[in-house]
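The values are calculated or read from the model by the stated rules, or taken from the named source; none is laboratory data. If you're wondering where the values come from, they're calculated on a predicted model, not measured in any experiment. Here the Cβ positions follow ideal geometry from the backbone for every residue, glycine too, while neighbour counts run over all protein chains shown. Note: areas computed on protein heavy atoms with side chains; ligands, DNA, RNA excluded. Shrake-Rupley method; radii C 1.70, N 1.55, O 1.52, S 1.80 Å.
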Amino acid sequence: CAVLMPSKLGSAPSTLTDISSSFYSQLYADNRYRTGDKVTVTAEDLTSVVLVPEGDVADEEATSALAAGYSISQGIYLTKDIVNAPHNVLNSISMANTARKIAAESGGLIECTILGKVECEKRRMGSYLAVGRGSETEPQF
């Protein structure tokens, strides 16, 4: 599939990032809990997409902008996975583990500190702890 980008869109890297993130975001399908005919496959036969800007764009700059869009879409995928997870899968423990994983994959850009029940009590996080009392797992913030 080739897409000729009209000059009206511009050839700025931010435009390429927006197009890339939008494209990849549309490919999202949460099939974790689906089987058989309920499994959704998006763009099954699509093997490649070529963006052809009318203006001048440096290859390195375009590649970087497209990669940034892909990274944004991966964050969107993760967010949707978290929001769509049922309560028996997404609890305070799995959410804390997800935060740790994000920090570990950030290459040191993100630091993660998880507060347990005792630390939350020391910080007087009563409202948070009150909500957590209804949970099957210990609160982790």
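For the chain, what is the mean residue ellipticity at 222 nm derived from helices alone (per DSSP H run of n ≥ 4: -39500 (n - 2.57); sum divided by total residues; nearest 500 deg cm²/dmol)? Intermediate results must be reported in sequence, preceding the final value.
Values: 5 runs with 66 residues, N = 141.
Using -39500 (n - 2.57) per qualifying helix, the result is -15000 deg cm²/dmol.
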Below 15 Å, Cα to Cα, which aspartates and glutamates can Lys117 reach? Residues fewer than 8 away in the same chain don't count.
Glu136, Glu138
Compute the relative contact order of region 1-88 as a whole-number percentage, counting only Cα pairs closer than 8 Å that sit 6 or more residues apart in sequence.
50
Distance in nm between Val50 and Ala29 label points, each 7 Å along Cα→Cβ, equals 2.7
Dipole axis of the chain (+1 Lys, Arg; -1 Asp, Glu on Cβ), positive-most option in Leu27, Ala96, Leu66:
Ala96
Need the C-alpha centroid separation for region 81-138 versus region 32-48, integer Å.
31
Just from the alpha-carbon atoms, what are the Rg and Dmax of region 1-63 in angstroms?
15.3, 46
Which lysines have a Cα lying under 24 Å from the Cα of Lys38, excluding residues fewer than 8 positions away in the same chain?
Lys80
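From the Cα gyration tensor of region 78-132, with a ≥ b ≥ c the square roots of its eigenvalues, which class applies: rounded if a/c is under 1.5, or else prolate if a/b is larger than b/c, or else oblate?
Values: a/c = 2.81, a/b = 1.23, b/c = 2.29.
The shape class here is oblate.
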Give me D for the chain in µm² s⁻¹, whole number, from Stokes-Einstein with Rh from the Kirkwood sum over alpha-carbon pairs, 10 °C and 1.306 mPa s.
86
For the chain, which whole percent of the accessible surface, found with a 1.4 angstrom probe, sits on carbon and sulfur atoms?
54
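Go through 58-69, 117-128 and give me the packing order, highest mean Cβ count within 10 Å leading. Kindly include the intermediate steps, with their values, before the conclusion.
Working: 58-69: 15.0, 117-128: 12.2.
Result, highest mean Cβ count within 10 Å first: 58-69, 117-128.
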